[in-house]
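Scroll down for the structure; my scribbles are underneath it.
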Amino acid sequence: LGQTYASKGDDKEAEKALLKSIDLDPLVTSSYLALSRLYAASGRNEEALKKINEALAASPGQISPLMIGASIHERDGRFEEARAWYEKALKINPKFVPAANNLAYLLGERLGDLAKARQYAQTARDNAPQDPYVADTLGWILYRQGEYQWAISLLMESADRLADQPEYLYHLGMAQYALGQEVAARKSF
């Protein structure tokens, strides 16, 4: 019922229904997560994090609450906290691609640790070799490390599958430009 209200944009009724659901069965973590998403969507991030922590207390060892918590911290610019949450998710499942890929991006773009970012991006790539987002993350990190040729192959793979999203074409263009492929870079840009 709470999710139905939320899908209709009635946040007040959604919140009431989800709180009631938690009261009825505090071990059902999906209610906590739905409520945390509702809070986060309306900018109530501290309340969202409180519900996520309650979900983790009710059912430790779940990755979903950690991923939501990490993304909230990341949106708030609290990058070290986001890092810790992604790392907790990876302790539960070291091969969990979304956490490895997001952590790689965070480390490379926000925390300036390209070496560690590359390790996580490679883990993501090893476990999702066909994922164009993962290819972009690893390719962009390689570009930033000056490994342009290898970067181009990954960034081309990503840009081919995500051609309607400018960020991926930009990444490819930058790697092409770095190798002096000005015509190709211009086309990508």
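The values are calculated or read from the model by the stated rules, or taken from the named source; none is laboratory data. Just so it is clear, the structure is predicted and the values come from calculations on it, not from any experiment. Here the Cβ is made from the backbone with ideal geometry for all residues, glycine too, and neighbour counts use every protein chain on show. Areas reflect the complete protein model, heavy atoms only, side chains present, ligands, DNA and RNA absent. Shrake-Rupley method; radii C 1.70, N 1.55, O 1.52, S 1.80 Å.
Looking at the stretch 102-113, which of its residues are in contact with a helix residue (DSSP H, G or I) (Cβ under 8 Å, 6 or more places away or on another chain), over 15 Å from His73 (Cβ atoms) and either basic (Lys, Arg) or open to solvent by 40 Å² or more (accessible area, probe 1.4 Å) (or both)?
Hit for the stretch 102-113 is Asp113, nothing else.
Contact list please: Cβ distance under 9 Å, first residue in the stretch 16-31 and under 13 Å from Tyr5 (Cα atoms) and without any contact (Cβ under 8 Å) to a residue 24 or more places away in the chain, second residue part of a loop (DSSP other than H, G, I, E, B) and open to solvent by less than 70 Å² (accessible area, probe 1.4 Å), pairs at least six apart or on different chains.
From residues that are under 13 Å from Tyr5 (Cα atoms) and without any contact (Cβ under 8 Å) to a residue 24 or more places away in the chain, there are no pairs.
Is it the case that Leu35 is farther than 22 Å from Leu1 by Cα, free of Cβ contacts under 8 Å to residues at least 40 places away in the same chain and buried (at least 18 other Cβ atoms within 10 Å of the Cβ)?
In short, no.
Please give the number of the condition Ser153 fails out of (1) more than 17 Å from the chain's Cα centre (by Cα); (2) of a type in the set (S, T, N, Q); (3) within 23 Å of Phe79 (Cβ to Cβ).
Checking Ser153 against (1) more than 17 Å from the chain's Cα centre (by Cα); (2) of a type in the set (S, T, N, Q); (3) within 23 Å of Phe79 (Cβ to Cβ), the one that fails is (3).
State whether the residues of the stretch 74-81 include one that is farther than 21 Å from Asp126 by Cβ, in a helix (DSSP H, G or I) and basic (Lys, Arg).
Yes, the stretch 74-81 contains at least one residue that is farther than 21 Å from Asp126 by Cβ, in a helix (DSSP H, G or I) and basic (Lys, Arg).
Step by step: first the residues of the stretch 110-123, then only those that are in a helix (DSSP H, G or I) and touching a Lys or Arg at 6+ places or on another chain (Cβ under 9 Å), then the one that is farthest from Ala151 (Cα to Cα). Which residue is that?
The residue in question is Thr123.
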